[in-house]
Amino acid sequence: MNILKTISVLEKLEIIFNIQEKACIISLDGRLLQEKNSAINYICKSFQIERRVTNWAGLRDVLSDSYWISNDVIYVFLTNQQLIFHDNLNFRQILLTIFSDTIDWWNGDVEKYVIGGKKKSFHVYLVDC
């Protein structure tokens, strides 16, 4: 089951300890997710996405593209989650919705809408620090 969940630092360590070696682990710091364009660039760089992405729709697209998301098991940890877009709750909600939609996509929508599409294990954790 793919997940979007708030966890503690201790729970994060426990999860990381039990992650399979083949998994991709992405750690995003909420302190660096403050301004839209730099946040999008930071996320793309963290996922090693080389395509130029300039808006929320583009971010949603690349996170649901198996060309860029090639690993079958992905863990995303958003540390300092309480600081994500702390001055812009609308942007915070947009970003969390994108991650939630990405989870749904890799959980099965990909098989419905892409010929030969394959499910992936995509987990997003909001880490309280």
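The values are calculated or read from the model by the stated rules, or taken from the named source; none is laboratory data. Given the structure is predicted, the values throughout are model-derived calculations rather than measurements. As a convention, Cβ positions derive from the backbone with ideal geometry for all residues, glycine included, and neighbour counts pool all protein chains shown. All accessible areas refer to the heavy atoms of the entire protein, side chains included, with ligands and DNA or RNA removed. Shrake-Rupley method; radii C 1.70, N 1.55, O 1.52, S 1.80 Å.
Below is a table of values for the structure above.
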quantity: Segment 101-117, residues that are among the hydrophobic types (A, V, I, L, M, F, W, C) and surrounded by fewer than 16 Cβ atoms within 10 Å (Cβ to Cβ); calculated: VAL114, ILE115
quantity: Segment 49-71, subset open to solvent by less than 60 Å² (accessible area, probe 1.4 Å) and in a loop (DSSP other than H, G, I, E, B), residue modelled with the lowest pLDDT; calculated: TRP68
quantity: Breaking point among (1) of a type in the set (A, V, I, L, M); (2) at pLDDT 95 or above; (3) surrounded by fewer than 18 Cβ atoms within 10 Å (Cβ to Cβ), for MET1; calculated: (2)
quantity: Residue in segment 74-83 that is open to solvent by 40 Å² or more (accessible area, probe 1.4 Å), over 21 Å from ASP104 (Cα atoms) and not acidic (Asp, Glu) present; calculated: yes
quantity: Selected residue [among the hydrophobic types (A, V, I, L, M, F, W, C) and touching a residue at least 40 places away in the same chain (Cβ under 8 Å)] from ILE43, ILE49, ILE25; calculated: ILE25
